[in-house]
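Below is one structure, written out as structure tokens; the observations come after it.
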Amino acid sequence: MRFELVRGVLLLALLGAGAALASEISASVKDDAGAPIADAVVIAVSDAPVKLPAPRLESVVQEMKEFKPFVKAVLVGTPIEFPNRDDVLHHVYSFSPARTFELKVYKGTPPEPIVFDRPGPVALGCNIHDWMLAYVYVSESPYFGVTDADGRVRLANLPAGKYSVRVWHFRLTQHETDTAQQVNASGAEPVQVAWNLKLKRDSRIRRAPTRPGGGYR
């Protein structure tokens, strides 16, 4: 009986220690008028050294003459493939400092993925379809996420500790480092962080119908 009691106490202690190590940051991103901002990337950088997990293959798909998803957040070193699921050719490229590359006109999936080995935002385009635009955000930290339509994202299962939390958005008027907030994610309750950001005008090229009744070129 005593052995069972001791074992139970040890188990509870271990479970409690595990719970203490698992923290969470709950982020809310809105514009300066209070409207939620989707497709913002929230990044939490730990004050303590972090061992990065092995990168895994990710995808940005070309479908219906659009990139999907519009914003893809990945860890530095991640390989990304760009399958073309349309019945037309695409020509994917980027001139961004974090990753410059070009996949000349093709269908299907190129044989080699592109490795995103430097942190920062990477703007994607198609040299054939001018309205096609998307972003890959490459994070130096494994703790990141993209906001949903309500402008919210949860960063869960974080090691307890201090973090610098910042946000990036493709229409952000300031540098992302200026958005940084210092938080202590060491308690049982999620740490709440929030931003009200001023955004640039959305200058993306709109797709225009080319025939009566709808349809796009």
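None of the figures in this text is laboratory data; all of them are computed from the coordinates on show. In this text the structure is predicted, and so the values were computed from the model without any measurement. Here the Cβ is made from the backbone with ideal geometry for all residues, glycine too, and neighbour counts use every protein chain on show.
Here's how it looks for residue 72: its modeled amide H is under 5 Å from those of 135, 136, 137, which are all 5 or more places away or on a different chain. Could you tell me how many degrees, from 0 to 90 and to the nearest 10, lie between the Cα long axis of helix 2-21 and the main elongation axis, the longest principal axis, of the Cα atoms of the chain? So the inclination is approximately 40 degrees.
A simple packing score, the average count of other Cβ atoms within 10 Å per residue, orders the peptides 90-103, 178-191 as 90-103, 178-191, with the highest score first. For the range 145-190, the C-alpha radius of gyration divided by 2.2 N^0.38 Å, with N the number of residues, is 1.30. What the phi angles of the range 119-134 give under the Karplus curve with 6.51, -1.76 and 1.60, with θ = phi - 60°, is a coupling list of x, x, x, 10, 8, 9, x, 10, 6, 9, 10, 4, 6, 6, 8, 7 Hz, glycine and proline written as x. Here the mean projected area of the convex hull built on the C-alpha positions of the range 102-186 is 8.2 nm². Take the convex hull of the alpha carbons in the range 41-91; its mean projected area over all directions comes to 4.5 nm². With N the number of residues in the range 52-140, Rg(Cα) / (2.2 N^0.38 Å) evaluates to 1.00.
Find the Rg to Rh ratio for the chain, where Rh is the Kirkwood radius over alpha-carbon pairs and Rg uses the same atoms.
On the way: Rg = 21.2 Å, Rh = 19.6 Å.
Result: Rg/Rh = 1.09.
The count of lysine pairs in the chain whose Cα atoms are under 21 Å apart, excluding pairs fewer than 8 places apart on the same chain, comes to 9.
How much of the DSSP beta bridge set in the chain is antiparallel, as a percent to the nearest 5? Bridges in the chain that DSSP calls antiparallel: roughly 75 percent.
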